[in-house]
1. For ALA86, indicate whether it is without any contact (Cβ under 8 Å) to a residue 40 or more places away in the chain, of a type in the set (A, V, I, L, M, F, W, C) and not in a strand (DSSP E or B).
2. Tally the residues that are among the aliphatic types (A, V, I, L, M), within 19 Å of the chain's Cα centre (by Cα) and within 21 Å of ASP114 (Cβ to Cβ), restricting the search to the stretch 37-68.
3. Please return the ranges of strands (runs of 3 or more DSSP E) entirely within the stretch 106-188 where 3 or more residues are surrounded by 14 or more Cβ atoms within 10 Å (Cβ to Cβ) and in contact (Cβ under 8 Å) with a residue 60 or more places away in the chain.
Amino acid sequence: MMHRFFCTRILGVVSLAFLAVASIAPAHVVPNMTVEADFDSKGYTLRINVDPRIFLASDPTSLPPVPASWYAEQTPEQVAATHEKAQQYLASAVGVLFNGQKTTLPACKIQAMDGADNTPLKADTQEVHLLATANGQLPTNSTTFQIDFAKDANTSLILLHSKAGKTELRPQVVFPGETSRPFQLQLVAAAVAPVDAPASKTNNIYLIIVISVACIVIITGWLLLSHYRHHHRGHRKPGDR
């Protein structure tokens, strides 16, 4: 009896586990969105990796990864409509903040890419993603940058900062309804400035050397002149004037 009881319990647990797996089998991995924010002395660039499922369905997990053929077989009009949907989604989901003040996301240039390695579409590309690129100018006296992610974004966001092409090593994960931590923009000028520093430093060294040599020459000349005058006075004859 005891053996049969344990067998019944084990079969029950296995059955429940099977039903649980079967119930979630139709769902797919939740897609996320990656944003790289690059800053330099001229402005900023946002590169946004967009999985089409995010704007094709209110529940992205209800769709499988979008095959490259879906995009490749579209007419130019359909491609334009797809890009417009992506732009509308980004404009409503991604807010850009400088010094805590929200501004409109600039219009994006959108192109298709391989979802596996983020390169242009190839003949063997399996999954398609969209790369949205936005460029903007830094508002005057801006000291911080943040991303405001909408509550209905349907996905999570991975945010990477870079200064003059050098990526920060601390990516952020931002969930719908959250705002990323402030990124300090005053560090950008410090990261860009050293490009001209070697020439300026060299010029300063030359200037110091020239001034030092001039001072040595002047001091040496003054000492020699003083010595000459003292020596000349010590050897004057009583009748000399």
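1. no
2. 3
3. 128-136, 156-163
Computed from the coordinates by the stated procedures, all read-outs in this text should not be read as laboratory data. What you see is a predicted model; the values in this text were computed from it and never measured. Don't worry about glycine lacking a Cβ; one is built from the backbone with ideal geometry, like all the others, and counts go over all protein chains shown.
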